[in-house]
Amino acid sequence: MIQGAPPDVVKASQLLSCSTCALVNIGVNREDLSKAHMTYFYDEDICFSRLGFPHMLTARNAPPGTGSIQAEVYFSDKYKPFTGTPDAWIEPVIRDPPALRSAARLRQNTVQQNDASALCERDFRSRSSCSSETVHGYLDDLGIAYCGRYGDWGYMWTDESFKSGEQAAEKAFVHAMAASF
Ligand SMILES: Cc1cc2nc3c(=O)[nH]c(=O)nc-3n(C[C@H](O)[C@H](O)[C@H](O)COP(=O)(O)OP(=O)(O)OC[C@H]3O[C@@H](n4cnc5c(N)ncnc54)[C@H](O)[C@@H]3O)c2cc1C
C-alpha cells in the first residue's frame, strides 16, 4: 500500500501467502454439545479443521439453554483456492460429523475471513523469513513500527498479538522521545 515502495520490497511482500477461512456459525437449541471449547480435525474427509463452541466461552454468547458452533473451513490461493460462496459450506459442515447431523433446529450463517492466517508452507521458514526481513527492513528504514499477526508475519495467538502491539507502541514512544531531543 505504500506508494513508491521499492520493487524488491513489493515482490517480497507478494511471496508472503496466507489462508482464507470460511466460518460457518451454527445456533443449536441445546447447550450440551461438547466437553471441549475447541476440537481439531485432521481427517481429509472432514471439510473443517476446527470446531469451536463460543457459548462455552461466556454466557453472553448465546441465550440460556442454547449453544453455538463455529466451524473453520480453510483455503489458500496457492493450494486450495476458495471458490463459490461461504454459504455453500453450510451443508457440507452440517453433513460431516454425527454430532452436527443430530443437533436439532440448527440456525446458520457464514463469514468469509480473508487473510485468516500466515501460511506455514514447507519452505515457510526460509522463504517467509527472507521476505518478511526485506519488508521489515524497509519499514524500519521508514520508522514505521509494525505489530500483530500481519505486521510481524507469524502464526500468532491473540495474547501474542496483544504483546506485539504493546512492544510496537513502546518502540514508537522511544522513537518519538529520541526525535524530540
Ligand atoms: C478463524 C480464526 C480463528 C482464530 N482462533 C483463535 C483462538 O482460538 N485463539 C487465539 O488466541 N487466537 C485465534 N486466532 C488468532 C487471532 O485472531 C489473531 O492472532 C489476532 O486477532 C491477531 O491480532 P492482530 O491485532 O494482529 O490482527 P487482527 O485481529 O486481524 O486486527 C487487524 C485489524 O486491522 C484492520 N485493518 C486491516 N487493514 C487495514 C487498513 N488498511 N486500515 C485500517 N485498518 C485495517 C482489520 O480490519 C482488523 O480489525 C484465530 C484467527 C482466525 C482467523
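The values are calculated or read from the model by the stated rules, or taken from the named source; none is laboratory data. These numbers were taken from a predicted model, which means no experiment stands behind them. With ideal geometry, Cβ positions are generated from the backbone for all residues, glycine too; neighbour counts draw on all protein chains shown. For the accessible areas, the whole protein counts, side chains as well, though only heavy atoms, and no ligand, DNA or RNA atoms are used. Shrake-Rupley method; radii C 1.70, N 1.55, O 1.52, S 1.80 Å.
Observations, loosely collected:
- Of the criteria (1) out of contact with any Gly (no Cβ under 8 Å at 6 or more places or on another chain); (2) assigned to a strand (DSSP E or B), which one GLN70 fails: (1)
- Taken over the stretch 141-161, the criterion of being surrounded by 13 or more Cβ atoms within 10 Å (Cβ to Cβ) and over 21 Å from SER117 (Cβ atoms) is satisfied by ILE144, ALA145.
- Checking each residue in the stretch 1-46 for being assigned to a loop (DSSP other than H, G, I, E, B) and under 16 Å from the mean Cα position of the chain (by Cα) picks out LEU16, SER17.
- SER164 vs. criteria open to solvent by less than 50 Å² (accessible area, probe 1.4 Å), of a type in the set (Ser, Thr, Tyr) and within 15 Å of the ligand (Cβ to nearest atom): yes
- Failed criterion for PRO81 (all others in (1) modelled with pLDDT of 70 or more; (2) within 16 Å of the ligand (Cβ to nearest atom) hold): (2)
- Contacts under 6 angstrom Cβ, first residue in the stretch 155-181 being within 25 Å of SER17 (Cβ to Cβ), partner part of a helix (DSSP H, G or I), 6 or more apart: MET156/ARG149; SER161/GLY148; SER161/ARG149; SER164/GLY148; SER164/ASP152
- Residues located in the stretch 9-30, provided they are buried (at least 17 other Cβ atoms within 10 Å of the Cβ) and away from the ligand (no atom under 16 Å from the Cβ): VAL9, ALA12, GLY27, VAL28
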